[in-house]
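Here the structure comes first, spelled out in structure tokens, and everything after it is commentary.
No lab work stands behind these numbers, since they all come straight from the coordinates. Nothing here was measured: the structure is a model prediction, and the numbers come from that model. We place every Cβ from the backbone using ideal geometry, glycine too, and count neighbours over all the protein chains shown.
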Amino acid sequence: MDSGALVSCNFELEHYRELLEAAKAGDYRFARFGEEPRPGDLFLRHDVDLSLDAAVRMAELEAELGVTTTYLLMTESVFYNLASKEGTEAIERLRELGHAVGLHAVYPHVELDERFDPVVSWHNPRPEYMSEEIGGAVNAYGTRYFSPERYRSDSNQHWRAGCPHEELRAGAFPWLQILVHPEIWVYPGETMGETMRAMVEADSARRLEQLAADGIDLG
Ligand SMILES: [Zn+2]
Ligand SMILES: [Zn+2]
């Protein structure tokens, strides 16, 4: 495919792959938080709000394309337990694939233990503290990495400033930070509501397996 015009901007993994390929075609470099932004840098970050499964699937797709990004995981999520077997295995897998792993924190709690690189993004941040410096860690929303014209986010299955794939392919951004939520792309759905319902359905099957594995009689 030689033109971005043929690509439709949905929230499916297939289009996520196209987005990564566009960034590579535009000669972007997958940079790590902590490095001073340079021309051509792409800071691609994933705030993992809901599903470690989705994070690992996205991480595997990226690795297939030789791309490494930054996964920010929660220790205070109601949706997953980072201290569980599933949680420790997810971190191991992300590390094995070469990705950075930071903390997706709930303000003001920042406890960076040995599981995390010193990089933090706030969950549902409020403007008054969002860009404040964080002692001992890089704030992904800090002024060094975050300005509205160099930032794109897929929040709620909507690119407020448009899907960046064409501009990436054209090398139009001097550098850019992108926030991509894995759940939105891994589970199917035309709207955020549909996608979330698909995720909950997949999760209920997984819950039944976990119950059986825990010795619960489901008969
Ligand atoms: Zn697109
Ligand atoms: Zn969040």
Note: probe point = Cα of HIS109 + 7 Å toward Cβ; backbone nitrogen < 13 Å; residues of region 123-165 passing the test are 123
Exposure proxy check on TYR107, TYR151, TYR145, TYR16: fewest-to-most Cβ neighbours within 10 Å is TYR107, TYR151, TYR16, TYR145
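Within 10 Å of each residue's Cβ, count the other Cβ atoms and sort CYS9, CYS163 from fewest upward.
Working: CYS9 15, CYS163 21.
Lowest to highest Cβ neighbour count: CYS9, CYS163.
As a test of the definition: which semi-axes, in Å, follow for region 25-185 when you take the square root of five times each eigenvalue of its alpha carbon gyration tensor? Largest first, please. The partial results should precede the final answer.
On the way: eigenvalues 107, 71, 44 Å².
That gives 23, 19, 15 Å for the three semi-axes.
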Computed ³J(HN,Hα) along region 168-177: with the Karplus parameters 6.51/-1.76/1.60, θ = phi - 60°, integer Hz and x for glycine or proline, the list is 5, 4, 7, x, 6, 8, x, 7, 8, 10
If one compares the long axis through the Cα atoms of helix 192-213 with the longest principal axis of the Cα atoms of the chain, the angle in degrees, nearest 10, works out at 40 degrees
Calc'd 3J(HN,Hα), region 45-52, phi into Karplus 6.51 cos²θ - 1.76 cosθ + 1.60 (θ = phi - 60°), Hz, glycine/Pro = x, comes to 10, 10, 8, 9, 8, 10, 9, 5
In nm², the average projected area of the convex hull spanned by the Cα atoms of region 94-219 is 11.3 nm²
Exposed GluC sites (Glu not before Pro) being those in a DSSP loop with at most 16 other Cβ atoms within 10 Å, the longest stretch of the chain free of them is 13-75
Expected max-MSF residue from LEU65, LEU13, LEU97 in the GNM of the chain (alpha carbon, under 10 Å) is LEU65
Length-normalised contact order of the chain, Cα under 8 Å, at least 6 apart, in percent, tallies to 26 percent
Diffing region 9-19: the Karplus 3J(HN,Hα) column from phi (6.51, -1.76, 1.60, θ = phi - 60°), in whole Hz with x for Gly and Pro, holds 8, 9, 10, 10, 4, 4, 6, 4, 4, 4, 4
So, with points 7 Å from each Cα along the Cβ direction, the GLU201-ARG150 label distance in nm works out to 4.2 nm
